[in-house]
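Visitor: What follows is a structure written as C-alpha cells; I'll ask about it next.
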Amino acid sequence: MIHPLSDVKSKNIGDGTNIWQFCVVFPDAVIGNNCNICANVIIENEVNVGNSVTVKSGVQLWDGITVEDNVFIGPNATFTNDRYPRSKNPDWIKKGIHLKKGCSVGANSTVLPGVSIGENAMVGAGSVVTRDIPDNEIWAGNPARFIRKVQ
C-alpha cells in the first residue's frame with residue numbers, strides 16, 4: 001500500500017510494504033517485503049532496505065545507507081553520509097552506514113557516516129553513534145558507549 005499523498009518513484013518496492021503519507025522515495029531506492037515506512041520519511045536513490053523493516057516518522061535515509069532485514073529505526077533518527085559537510089561542495093566524499101540484521105536505532109539518535117551497527121544491537125534513544133557497534137550489544141549516550149550485552 002502506497003498512500004496517495006506520498007511521492008514514490010521507485011518500482012523496487014516489495015510485497016506487503018506500506019508507505020504512508022508525505023513520504024518521498026527516489027527512483028533507484030530498493031525496499032523489501034513487509035516493511036512499514038511511516039509518514040514523513042525520505043529514501044534516496046542509493047539506499048537498500050531489507051525485508052520486515054520499520055522506519056518511523058521523520059527519518060531520512062540518504063545515499064549510501066544499507067538497512068538489512070528486521071531492522072527498527074525509531075522516530076526522527078538521523079543518519080549522515082558526509083563527515084565534513086559544506087554547502088555546494090563538489091568534492092564531498094560519501095560514506096555509507098550499514099544497519100545489520102535485527103538491530104534497533106532509538107528515537108532521535110544520530111549516526112555518523114561510515115558507521116556499522118551490528119546484528120541485534122540496540123542504540124538508546126538520543127544517542128550519538130560515532131563508531132561501529134558490535135553485534136548483540138546495547139549502546140547509549142553522547143557519544144554512545146557500551147552499556148551491556150543484549151540478553
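Every number in this text was worked out from the coordinates using simple rules, so none of it is lab data. What you see is a predicted model; the values in this text were computed from it and never measured. Positions of Cβ are backbone-derived with ideal geometry, glycine not excepted, and every protein chain shown enters the neighbour counts.
Visitor: Per-residue HN-Hα couplings for segment 91-108, Karplus 6.51 cos²θ - 1.76 cosθ + 1.60 at θ = phi - 60°, whole Hz, x for Gly and Pro?
Guide: 9, 5, 10, 6, 10, x, 10, 10, 9, 7, 2, x, 6, 10, 10, x, 3, 6
Visitor: Same structure, new question: Could you identify which residue out of ASP135, ASP69, ASP91 has the top mean-square fluctuation in a GNM of the chain using Cα springs shorter than 10 Å?
Guide: ASP91
Visitor: Using a 10 Å cut-off around each Cβ, can you sort ASP7, ASP28 from fewest to most neighbouring Cβ atoms?
Guide: ASP7, ASP28
Visitor: With an 8 Å Cα cut-off and a minimum separation of 6 or more residues, compute the relative contact order for the chain in percent.
Guide: 13 percent
Visitor: Give the long-range amide H neighbours of ILE42: residues separated by 5 or more places, or on another chain, with amide H under 5 Å away, using H modelled in the peptide plane at 1.01 Å from N.
Guide: VAL24, VAL59, GLN60, LEU61
Visitor: A further question on this structure: So what J values fall out for segment 7-12 if you push phi through Karplus, 6.51 cos²θ - 1.76 cosθ + 1.60 with θ = phi - 60°, rounded to Hz, Gly and Pro as x?
Guide: 10, 10, 9, 6, 9, 9
Visitor: Expressed in nm², what is the orientationally averaged projection area of the convex hull enclosing the Cα positions of the chain?
Guide: Result: 8.4 nm².
Visitor: Below 8 Å between Cα atoms, with a sequence gap of 6+, how large is the relative contact order for segment 1-75 in percent?
Guide: 24 percent
Visitor: Show which aspartates and glutamates lie in cross-link reach of LYS9 when reach means a straight Cα distance below 15 angstrom and same-chain residues fewer than eight apart are skipped.
Guide: ASP28, GLU44, GLU46
Visitor: Could you tell me what percent of the DSSP beta bridges with both partners in the chain are antiparallel, to the nearest 5?
Guide: So the antiparallel bridges amount to about 10 percent of the total.
Visitor: Could you list, bin by bin from short to long, the percent of Cα-Cα pairs of segment 5-63 in 5 Å steps?
Guide: 6, 23, 34, 33, 4
Visitor: In the chain, with Lys and Arg counted as +1 and Asp and Glu as -1 at Cβ, which of these residues, SER104, PRO85, SER116, has the Cα nearest the positive end of the dipole, that is, farthest along it?
Guide: So the residue we want is PRO85.
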